[in-house]
Amino acid sequence: MRNEVLPDLIIPINLDKFDFRCFQKELEQVIEGVFITDEYWYPVIKGVPCFLKGMLRPNFTWFQEKYNLAKLAESSISEFESEQLLTNTTFSDKWNKFRNYGLEQTHQEFLYGWYCKKFGVSTTEDLVRFYRQFQTVLEIGPGSGFNTKFIAETLADNNEAKVFALDVSDAAFTTFENTKHLTNCHVVQADLMSMPFADCSFDFIIADGVLHHTPDTKKALFAVYKKLKPNGQMFFYVYKQMGAARQFCDRYIREHFTHLEPDECYKACEGLTELGRELSHLNAKITLEKDIPVLGIPAGTHDVQRLFYYNFVKCFWNDAFDFETNNMVNFDWYHPHNAWQHTETEVAGWLQELGVNDYKFNDANPNGISVLLTKPSL
């Protein structure tokens, strides 16, 4: 954490009234420190300020004793926190294992090509031009931090630009390690329902594949939207409600997989990953002359692997990734405690409640809903 980020932070419990102490510094980064308010304290651990509370807050007894800090009273536990903690287990494990996801050259053609589709632009150069119009950016759920890094590098020539990444899981530490060399990039660990930023703080917010992993997708969207400036833009991607066969298989598999320990679930997913690989390597296509509305399968020519993947079972495979990374993508679908699916009509209703009229659904893939919106001016 760099000292220049302090003016941008609002401690959730006590607004802007806090004392900051630095205990350990490396170059320009605070590695260990603490924010102290009248009633609470929040540590900086391994370069990342942690603003988690309640059940989501890790055990910081060692930190308290090391720096002679006051013992904190136990706070009440909300149902939201209790559910979110289960999902955190999945993503902390995932991003501790896959620290280089998206940072390797072999990943980037696929990933940034997909971002282009999600944002409705044609090329990576267009994506760069899109990011360059913003000065304050927040990415929620950065994972390994590969996209946060890309945005910060894109805005490096703008001395006023700041890029923030926020994650409730250990992904915050992975993102920090992958971006700490970038002076315009800052990482915090916090719950998106209680972010340490003032409302209307950011020109652009991205929440790619995050909101549906919270206990309530709609509440999460509304909480994030508050942090967007008037006339600012926001992108979010949520899972799309799939056809009947896929819904049945997903529900059945998740009933068996979500209670497993992460390592057990990775192992359990290997058969699905192998199925995806072998179907993909068939390189076979079939043509259906008629729609199958009851299963949500349209007429047309289908790659066999994609037909299985979109309509029957998550068996992701991409030759740009090794087996373990492909398997992680399938794990990501079946292990998280919360993984809600939604319809475009449902999402459009949320946007209407927010008073958003300027938005676009970009058809990136059949599994998800990609939304790019502009917040109305005051």
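The values are calculated or read from the model by the stated rules, or taken from the named source; none is laboratory data. Predicted model, so just to flag it, every value in this text is computed and none were measured. Here the Cβ positions follow ideal geometry from the backbone for every residue, glycine too, while neighbour counts run over all protein chains shown. Quick note on the areas: whole protein, heavy atoms, side chains included, nothing else; ligands and nucleic acids left out. Shrake-Rupley method; radii C 1.70, N 1.55, O 1.52, S 1.80 Å.
Between residue 19 and residue 62, the FRET efficiency from the beta-carbon distance, with R0 = 22 Å, is close to 0.55. Taking the charge dipole of region 202-286 about its Cα centre, with +1 at Lys and Arg Cβ atoms and -1 at Asp and Glu Cβ atoms, the residue from 213, 283, 235 reaching farthest to the positive side is 235. These residues, 19, 303, 167, 291, go from largest to smallest accessible area, 1.4 Å probe, as 291, 19, 303, 167. Test of understanding: in a Gaussian network model of the chain with alpha carbons linked when under 10 Å, which of 82, 201, 144 would top the mean-square fluctuation ranking? In this elastic network of the chain, the residue with the biggest mean-square fluctuation among 82, 201, 144 is 82.
Per residue, the chain reaches -11500 deg cm²/dmol at 222 nm when only DSSP H runs of four or more residues are counted, each adding -39500 (n - 2.57). Over region 113-268, accessible surface divided per residue gives 37 Å², non-protein components excluded, 1.4 Å probe. What's the extension gain from residue 105 to residue 159 if we count 0.36 nm per residue and subtract their Cα-Cα distance? Here the answer is 16.7 nm.
Here the chain has 50 percent of its accessible surface on carbon and sulfur atoms, given a 1.4 Å probe and all protein chains in place. Once you've got the GNM for the chain with C-alpha springs shorter than 10 Å, pick whichever of 145, 368, 243 has the biggest mean-square fluctuation. Greatest mean-square fluctuation among the candidates belongs to 243. Placing unit charges on the Cβ atoms only, positive for Lys and Arg and negative for Asp and Glu, gives region 62-198 a dipole magnitude near 280 debye about its Cα centre. Rounded to the nearest 20, the Cβ-based charge dipole of the chain about its Cα centre (Lys and Arg +1, Asp and Glu -1) stands at 380 debye. Electrostatic bookkeeping for residue 45 treats Lys and Arg as +1 and Asp and Glu as -1; over the other residues with beta carbon under 12 Å from its beta carbon, the sum is +1. The mean sequence separation of alpha-carbon pairs under 8 Å and at least six residues apart, normalised by the residue count of region 176-306, gives a relative contact order of 18 percent. For residue 218, the aspartates and glutamates whose Cα falls under 19 Å of its own Cα, not counting residues fewer than eight places away in the same chain, are 79, 81, 83, 139, 167, 191, 199, 208, 344, 346, 353, 358.
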